[in-house]
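The values are calculated or read from the model by the stated rules, or taken from the named source; none is laboratory data. From a predicted model like this one, the values you see are computed outputs, not experimental measurements. Here the Cβ positions follow ideal geometry from the backbone for every residue, glycine too, while neighbour counts run over all protein chains shown. With ligands, DNA and RNA removed, areas are computed over all heavy atoms of the protein, side chains included. Shrake-Rupley method; radii C 1.70, N 1.55, O 1.52, S 1.80 Å.
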Amino acid sequence: MELKNLLRYIFFLFGTVLLLLFLLSNFPSPPSNRAELLDCATDGPCFASKNRFQSNRPDYLRKHSNPTRSHSADVPHHPLDPLTVSELSRVQKIIQSLDLFKNSVYALHSVVLQEPKKEAVIAWGKGDPLPPRVAAVVARAGGKTHSLTVELVSGAVTRQKMGRVYGYPTMTVEDMNSVTWAPLASAEFNRTVLERGVDLADLACLPISTGWFGKSEENKRLIKVQCYSMKDTANFYMRPIEGLTVLVDLDTKKIVQIVDKGKNIPIPNAANTDYRFSAQNSYQRLVNPISIEQPKGPSFTVEDDHLVKWANWEFHLKPDPRAGVIVSRAMVLDPTTGVMRQVMYKGFTSELFVPYMDPTDAWYFKTYMDAGEYGFGLQAMPLDPLNDCPRNAYYMDGVFAAADGTPYIRSNMVCVFESYAGEIGWRHSESPITGMEIREARPKVTLVVRMAASVANYDYIVDWEFQTDGLIRVKVGLSGILMVKGTTYSNMNQLNPQENLYGTLLSENVIGVIHDHFITFYLDMDVDGSDNSFVNVSIQREYTSPGESPRLSYLKTVRKVAKTEKDAQIKLKLYNPSEFHVINPTKKTRVGNPVGYKLVPGGTAANLLDLNDPPQKRGAFTNNQIWVTPYNETEQWAGGSFVYQSHGEDTLQIWSNRNRAIENRDIVVWYTLGFHHIPCQEDFPIMPTVSSSFDLKPVNFFESNPILKIPPTVENDLPVCKAVASA
């Protein structure tokens with residue numbers, strides 16, 4: 001019997017390795033390949049490529065999609081450039097030399113650039129010496145969390161005072177991988193899995209953050225592990241071993257508790273769950289392949305690896321292990337003065353809060369904070385050329401540190417590309433009754449910065465889209481695979497009308513549980529300078545006086561400048577509408593309007609949980625859709641610096657309730673995109689992407705339409721592409 005269990009354990013390890021290889025690999029996607037698309041050279045004819053990397057492919061395409069770039073010789077060029085491979089290696093050596101880490105098991109949970117003071121970055125110009133390079137390190141050693149700064153040149157290390165901290169830092173990738181093996185050390189767990197009809201060799205397990213639900217969970221870094229059957233499908237998420245939950249100590253990897261409350265629930269069938277193209281028996285070609293061709297090359301450049309210049313925009317771009325991608329120093333060209341003007345100092349995804357709406361024992365704790373617990377950037381997978389990003393895309397790698405400090409590369413983590421979807425920048429055709437034959441239109445071409453994170457089952461696509469009219473659109477797409485619950489039901493006619501499924505029956509024995517997604521963005525707006533004000537422009541009904549007009553009512557605007565933070569805590573209301581402006585009160589247009597940008601909300605689903613519900617205390621930053629706080633370099637993560645098992649003691653809600661002055665100050669705007677997700681059968685076995693967005697739009701920022709003078713497109717501007725036989 002012992003030999004049999006040993007063999008099963010070996011099979012499980014082998015299966016786990018295969019699973020990890022599957023998750024980490026970057027498979028080509030059969031639906032689109034380069035042989036189906038035309039290559040347009042600058043001077044020559046178009047040809048149909050037979051080879052994925054044909055030698056006469058245009059140079060700019062070859063450079064932009066090179067997946068094997070070496071980063072060993074990278075050096076920083078800008079004060080905000082991320083730490084390079086050599087800098088991360090330097091930090092690793094310094095850390096390893098410290099007594100604190102020599103004498104205990106340790107892990108580095110975060111190693112990123114300690115950004116210079118904002119004033120120094122703004123004052124810096126190309127050619128100036130860089131400010132001192134400093135690494136910010138968060139580490140665990142001796143059962144405690146340590147916050148350090150490491151000066152790269154001198155090697156000096158400073159330990160930061162942390163005060164009382166309830167939560168823990170973001171898990172390392174090593175944490176997540178190793179803890180999924182921990183249950184196999186338990187004979188009880190192995191026996192339970194076998195009794196449920198799952199061979200250990202077919203087991204796949206996931207690390208699930210515990211949230212925080214009381215004092216019994218304090219003073220230990222805990223995680224819950226739940227498992228699935230991989231038999232006959234790559235989509236193991238659709239085959240849960242329902243009700244089996246293992247509580248594990250993250251530091252020791254020892255099992256604290258095993259709970260199995262689903263012994264009567266069958267493992268859902270694998271049929272029709274595999275989403276891979278290679279697993280389909282047939283396919284539908286609904287549309288012909290499509291591609292944007294740019295024979296003159298793209299209109300954007302990426303200088304010194306991180307400075308993006310396109311049309312009238314310029315900004316700094318870098319991958320980040322927690323935020324995913326950070327856009328900094330966004331500036332737009334004024335067509336009247338020819339001057340680059342400041343719009344936003346820094347913008348990024350601050351936190352994602354995903355509470356599931358099932359209070360039962362195996363589900364109540366599923367209230368994820370994907371950035372602070374798992375690392376939004378750590379979960380970013382390599383983008384798939386042609387399918388995640390079009391052929392004209394430029395790719396940027398992430399350079400991160402493993403738990404022991406060793407640098408590693410996340411290739412093709414971010415893509416940058418120009419997009420044209422047939423949209424119109426502006427147009428007007430004159431009516432024939434005027435006698436003027438006028439028909440004017442301009443196409444809308446935009447620049448998109450994209451990353452995609454696969455946080456276990458769910459995929460998030462985040463786009464920062466820049467438009468030539470000065471607008472920035474931030475869009476989030478949700479795709480991937482539902483987290484589902486096993487059930488005894490195979491049809492709705494079996495259900496007791498009084499019973500709550502907590503979701504939708506998607507297939508036989510599979511329930512898609514109702515849940516929310518809240519994505520909170522940090523937006524450090526610097527509109528023509530750092531000192532800005534937030535203005536609530538309320539749209540109100542006004543009544544006419546008796547006899548004044550045939551009209552009874554009309555709308556007027558009432559402007560209210562927020563004096564303190566509580567004035568800017570905004571819950572959106574459909575029948576009490578407002579515009580939300582960030583203005584520079586010291587800068588005016590020629591006719592006297594303060595220059596500004598406005599936040600245009602979208603994705604407005606509100607959080608409906610009780611404010612005293614433990615998950616909502618931690619996710620209190622979703623209590624409002626809009627917040628405005630004074631700039632503070634320590635206040636960047638809406639759920640707090642240490643989110644894992646936090647109590648909600650260090651959130652955006654706590655900071656904002658201090659009610660600090662924000663008028664004519666350096667301010668940060670926070671906006672939360674919200675989605676209520678009631679699963680439906682179309683979400684099975686993989687979800688079509690659902691998207692929502694918000695805009696940052698100029699409001700009296702320019703003297704007039706900034707794209708008035710762009711020319712229309714004419715036929716001779718475009719290549720004529722024809723598929724021809726190639727040798």
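Please enumerate the residues belonging to segment 599-619 that are open to solvent by less than 40 Å² (accessible area, probe 1.4 Å) and assigned to a strand (DSSP E or B).
Listed by number, the list holds a single entry, Leu599.
Check off (1) modelled with pLDDT under 95; (2) more than 15 Å from Asp304 (Cβ to Cβ); (3) open to solvent by less than 20 Å² (accessible area, probe 1.4 Å); (4) within 27 Å of the chain's Cα centre (by Cα) for Cys46 and give me the number that stays unchecked.
Only one criterion in (1) modelled with pLDDT under 95; (2) more than 15 Å from Asp304 (Cβ to Cβ); (3) open to solvent by less than 20 Å² (accessible area, probe 1.4 Å); (4) within 27 Å of the chain's Cα centre (by Cα) is unmet by Cys46, namely (4).
Please enumerate the residues belonging to segment 143-183 that are in contact (Cβ under 8 Å) with a residue 24 or more places away in the chain, surrounded by 13 or more Cβ atoms within 10 Å (Cβ to Cβ) and assigned to a loop (DSSP other than H, G, I, E, B).
Hits for segment 143-183 are Leu152, Val165, Tyr166, Gly167, Pro169, Thr170, Met171, Thr172, Thr180, Trp181.
For Ile511, state whether it is part of a strand (DSSP E or B), β-branched (Val, Ile, Thr) and surrounded by 14 or more Cβ atoms within 10 Å (Cβ to Cβ).
Working: part of a strand (DSSP E or B): yes; β-branched (Val, Ile, Thr): yes; surrounded by 14 or more Cβ atoms within 10 Å (Cβ to Cβ): yes.
Taking the combined requirement at face value, the residue satisfies it.
Could you list, in sequence order, all residues of segment 122-142 that are among the aliphatic types (A, V, I, L, M) and not in a loop (DSSP other than H, G, I, E, B)? Explain how you work it out, then say what you get.
The initial filter retains those residues of segment 122-142 that are among the aliphatic types (A, V, I, L, M), namely 122-123, 130, 134-139, 141.
Ile122, Ala123, Val134, Ala135, Ala136, Val137, Val138, Ala139, Ala141 - these are the residues of segment 122-142 that are among the aliphatic types (A, V, I, L, M) and not in a loop (DSSP other than H, G, I, E, B).
If I filter segment 75-87 for residues that are out of contact with any strand residue (DSSP E or B) (no Cβ under 8 Å at 6 or more places or on another chain), assigned to a loop (DSSP other than H, G, I, E, B) and without any contact (Cβ under 8 Å) to a residue 24 or more places away in the chain, do I get at least one hit? Step through it out loud before you land on a result.
Of the residues in segment 75-87, the ones out of contact with any strand residue (DSSP E or B) (no Cβ under 8 Å at 6 or more places or on another chain) are 75-76, 79, 86.
Imposing the further condition that a residue be assigned to a loop (DSSP other than H, G, I, E, B) reduces the set to 75-76, 79.
If we keep only those that are without any contact (Cβ under 8 Å) to a residue 24 or more places away in the chain too, we end up with 75.
Yes; the residues of segment 75-87 include at least one that is out of contact with any strand residue (DSSP E or B) (no Cβ under 8 Å at 6 or more places or on another chain), assigned to a loop (DSSP other than H, G, I, E, B) and without any contact (Cβ under 8 Å) to a residue 24 or more places away in the chain.
So Val448 clears everything in (1) part of a loop (DSSP other than H, G, I, E, B); (2) among the β-branched types (Val, Ile, Thr); (3) free of Cβ contacts under 8 Å to residues at least 60 places away in the same chain except one condition, right? Which one?
With (1) part of a loop (DSSP other than H, G, I, E, B); (2) among the β-branched types (Val, Ile, Thr); (3) free of Cβ contacts under 8 Å to residues at least 60 places away in the same chain applied to Val448, the lone miss is (1).
I need the full set of residues from segment 304-330 which are of a type in the set (A, V, I, L, M, F, W, C), part of a strand (DSSP E or B) and open to solvent by 30 Å² or more (accessible area, probe 1.4 Å), in order please.
Restricting attention to segment 304-330, the residues satisfying the condition of being of a type in the set (A, V, I, L, M, F, W, C) are 307-308, 310-311, 313, 315, 317, 323, 325-327, 330.
If we keep only those that are part of a strand (DSSP E or B) as well, we get 307-308, 310, 313, 315, 317, 325-327, 330.
Matches in segment 304-330: Leu307 only.
Could you tell me whether any residue of segment 381-390 is of a type outside the set (A, V, I, L, M, F, W, C), modelled with pLDDT of 95 or more, on the phi < 0 side of the Ramachandran plot and open to solvent by less than 10 Å² (accessible area, probe 1.4 Å)?
No, because not a single residue in segment 381-390 is of a type outside the set (A, V, I, L, M, F, W, C), modelled with pLDDT of 95 or more, on the phi < 0 side of the Ramachandran plot and open to solvent by less than 10 Å² (accessible area, probe 1.4 Å).
Quick check, is Ile258 among the β-branched types (Val, Ile, Thr), closer than 28 Å to Gly375 by Cα, outside any loop (DSSP other than H, G, I, E, B) and in contact with a Lys or Arg (Cβ under 6 Å, 6 or more places away or on another chain)? Write out each step before concluding.
Details: among the β-branched types (Val, Ile, Thr): yes; closer than 28 Å to Gly375 by Cα: yes; outside any loop (DSSP other than H, G, I, E, B): yes; in contact with a Lys or Arg (Cβ under 6 Å, 6 or more places away or on another chain): no.
Considered against the rule, which asks whether it is among the β-branched types (Val, Ile, Thr), closer than 28 Å to Gly375 by Cα, outside any loop (DSSP other than H, G, I, E, B) and in contact with a Lys or Arg (Cβ under 6 Å, 6 or more places away or on another chain), Ile258 comes out as no.
For the condition touching a residue at least 24 places away in the same chain (Cβ under 8 Å), open to solvent by 20 Å² or more (accessible area, probe 1.4 Å) and among the β-branched types (Val, Ile, Thr), what is the one hit in Val91, Val138? Spell out the reasoning first.
Details: Val91 fails: open to solvent by 20 Å² or more (accessible area, probe 1.4 Å).
Only one candidate qualifies: Val138.
Has segment 636-652 got any residue that is surrounded by fewer than 23 Cβ atoms within 10 Å (Cβ to Cβ), touching a Phe, Trp or Tyr at 6+ places or on another chain (Cβ under 6 Å), touching a residue at least 60 places away in the same chain (Cβ under 8 Å) and of a type in the set (D, E, K, R)?
Within segment 636-652 (the criterion being surrounded by fewer than 23 Cβ atoms within 10 Å (Cβ to Cβ), touching a Phe, Trp or Tyr at 6+ places or on another chain (Cβ under 6 Å), touching a residue at least 60 places away in the same chain (Cβ under 8 Å) and of a type in the set (D, E, K, R)), the answer is yes, since at least one residue qualifies.
Have a look at Thr252, Thr301 and point out the one that is open to solvent by 20 Å² or more (accessible area, probe 1.4 Å), assigned to a loop (DSSP other than H, G, I, E, B), free of Cβ contacts under 8 Å to residues at least 60 places away in the same chain and of a type in the set (Ser, Thr, Tyr).
Thr252
Within segment 343-361, how many residues turn out to be open to solvent by 10 Å² or more (accessible area, probe 1.4 Å) and among the aliphatic types (A, V, I, L, M)?
Count: 1.
Which one is modelled with the highest pLDDT among residues in segment 215-249 that are more than 25 Å from Ile265 (Cβ to Cβ) and part of a loop (DSSP other than H, G, I, E, B)?
Arg221
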